[in-house]
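The values are calculated or read from the model by the stated rules, or taken from the named source; none is laboratory data. Model, not experiment: these values are computed from the prediction. No Cβ is skipped: glycine too gets one built from the backbone with ideal geometry, and neighbour counts run over all protein chains shown.
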Amino acid sequence: MQPRAPYAIVPAMTTHFDLPIAELRAYRPELAVPSDLQQFWQATLSEAESYPLDATFTAYDSPLRTVEVFVVRFSGYAGQRVSAWLVLPRDRSTPLPCIVQYVGYGGGRGLPHEWLTWSALGYAHLVMDTRGQGSDHHAGDTPDHDRLGAPPHVPGFLTRGLPDPARYYYRRLFTDAVRAVEAVTAHPEVDGARIVTAGSSQGGALSLAVSILRGWLLEDPVAAVLADVPFLCHFRRAAELAADDPYTELVRWLSTHRDAAEQAFAALAYFDIAVLAPQAVSPSLWSVGIRDAVCPPSTVFAAHNRYGGPADLRVWEWNEHEGGEAFQVLEQTRWLDQHLGTGPPAA
């Protein structure tokens, strides 16, 4: 295991509703790993690669003056077309390091002017649309085509396809997210050696999943990972603790499908970031909110503490699922400057 950086910016003493901080720091549960986990994801990614990526970048007529915007389309799961934005600073030298951004639960790629921070900092910035989502916040336009036919599920996305891992929604979304990195790397002004996956909540889970799968199975790890208050970690504990959606969608499904609970948890293990985490190699910066009732802190610590690569963590003691927000962005920029050499030149 890699040595860990200090966990907290400010020493935290409060228990809140989850484990005490000292126990969270040591929380590394033993989790059941599917015997065919590697084969499952190798087959899934191999199938995706059998379809031409066909990444296209079309100039977008934007009123924004300091950036150029491109509509991106590429083939994701089963060759289905996925949308994204690529935002490039107009004042640039190429090739640029690139932030590949994944969006939180319910959201899509939104509009370009909603994503200006990273281009203002000098990065290329790809924002991937989220299949089937984008009607809760940040509008989306990528449909979710389920070739196998989803069985009954609770409204939302967390239980769509359970209890069959082959039909599960996140199999499709993880695959799209992996292909998004391949798509942006095809752009001539993006430095494929300096790709950073990033996101919060669902986006944080996707940023981790992509980095793990690319490093483990494709032997092409991303340069770094920014994972804020990540979702999809330690499903069973999340279902036991979470007071808010989306995990309560899973609770409602389990309460109805009483006879399929263990089968469902067995399926979810293929997508559990805490289960996948030991295979990680890319350096990562995480965040967690100690009062987070959406993604309880112990679920985040479970994944972080099992992570196979270098893993720094910022703890926000008094925050809920919003985590560090703008303060975390400052932490991320400083951290990336160190890891990618993207800081201003020395005087």
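Brief remarks on what is shown
- Test: Arg92 is touching a residue at least 40 places away in the same chain (Cβ under 8 Å), basic (Lys, Arg) and more than 26 Å from Pro143 (Cα to Cα): yes
- Any hit, the range 95-105, residues being of a type in the set (A, V, I, L, M), within 25 Å of Trp335 (Cα to Cα), in a loop (DSSP other than H, G, I, E, B) and modelled with pLDDT of 95 or more: yes
- Failed item, numbered, when Val329 is tested on (1) over 21 Å from Glu23 (Cα atoms); (2) assigned to a loop (DSSP other than H, G, I, E, B); (3) modelled with pLDDT of 95 or more; (4) of a type in the set (Val, Ile, Thr): (2)
- Taken together, Ser211, Ser201 contain a single residue that is surrounded by 22 or more Cβ atoms within 10 Å (Cβ to Cβ), under 26 Å from Glu262 (Cα atoms) and among the polar types (S, T, N, Q), which is Ser201.
- Subset of the range 292-305 (residues that are surrounded by fewer than 24 Cβ atoms within 10 Å (Cβ to Cβ), within 27 Å of Leu336 (Cβ to Cβ) and of a type outside the set (S, T, N, Q)): Val294
- Screening the candidates Ala269, Ala274, Ala261 for the property of being in a helix (DSSP H, G or I), touching a helix residue (DSSP H, G or I) at 6+ places or on another chain (Cβ under 7 Å) and surrounded by 22 or more Cβ atoms within 10 Å (Cβ to Cβ) yields one hit, Ala274.
- Residue count for the range 143-164 under the criterion of being within 21 Å of the chain's Cα centre (by Cα) and either among the hydrophobic types (A, V, I, L, M, F, W, C) or buried (at least 21 other Cβ atoms within 10 Å of the Cβ) (or both): the result is 6.
- Residue pairs whose Cβ atoms lie under 7 Å apart, separated by 6 or more positions or on different chains, with the first residue in the range 44-66 and in contact (Cβ under 8 Å) with a residue 24 or more places away in the chain and farther than 15 Å from Leu217 by Cβ and the second surrounded by 15 or more Cβ atoms within 10 Å (Cβ to Cβ) and among the aromatic types (Phe, Trp, Tyr), are Leu53/Phe74; Ala55/Phe74; Phe57/Phe70; Tyr60/Phe70.
- Exclusive hit being under 20 Å from Pro20 (Cα atoms) and basic (Lys, Arg), set Arg334, Arg314: Arg314
- Subset of the range 306-347 that is of a type in the set (S, T, N, Q) and closer than 19 Å to Gly104 by Cβ - its residue that is surrounded by the most Cβ atoms within 10 Å (Cβ to Cβ): Gln332
- Among the candidates Val251, Val210, Val184, residue that is without any contact (Cβ under 8 Å) to a residue 24 or more places away in the chain, hydrophobic (A, V, I, L, M, F, W, C) and assigned to a helix (DSSP H, G or I): Val251
- Subset of the range 290-309 (residues that are within 17 Å of the chain's Cα centre (by Cα) and either at pLDDT below 95 or not in a helix (DSSP H, G or I) (or both)): Val294, Cys295, Pro296, Tyr307, Gly308, Gly309
- Any hit, the range 58-70, residues being part of a loop (DSSP other than H, G, I, E, B) and touching a Lys or Arg at 6+ places or on another chain (Cβ under 7 Å): yes
- Among the numbered conditions (1) at pLDDT 95 or above; (2) over 20 Å from Val210 (Cα atoms), the only one that Ala84 does not meet is (2).
- Checked against the criterion of being at pLDDT 95 or above, in contact with a His (Cβ under 6 Å, 6 or more places away or on another chain) and under 30 Å from Thr94 (Cβ atoms), the range 158-180 has no qualifying residue.
- Residue match in the range 40-57 (condition: small (Gly, Ala, Ser) and in contact with a Phe, Trp or Tyr (Cβ under 9 Å, 6 or more places away or on another chain)): yes
- When we screen Glu240, Glu322 for residues that are outside any helix (DSSP H, G or I) and out of contact with any helix residue (DSSP H, G or I) (no Cβ under 7 Å at 6 or more places or on another chain), the only hit is Glu322.
- Of the criteria (1) surrounded by fewer than 23 Cβ atoms within 10 Å (Cβ to Cβ); (2) under 17 Å from the mean Cα position of the chain (by Cα); (3) acidic (Asp, Glu), which one Glu219 fails: (2)
- Residue that is farthest from the chain's Cα centre (by Cα) [pool: residues in the range 314-337 that are among the hydrophobic types (A, V, I, L, M, F, W, C) and over 12 Å from Leu226 (Cβ atoms)]: Trp318
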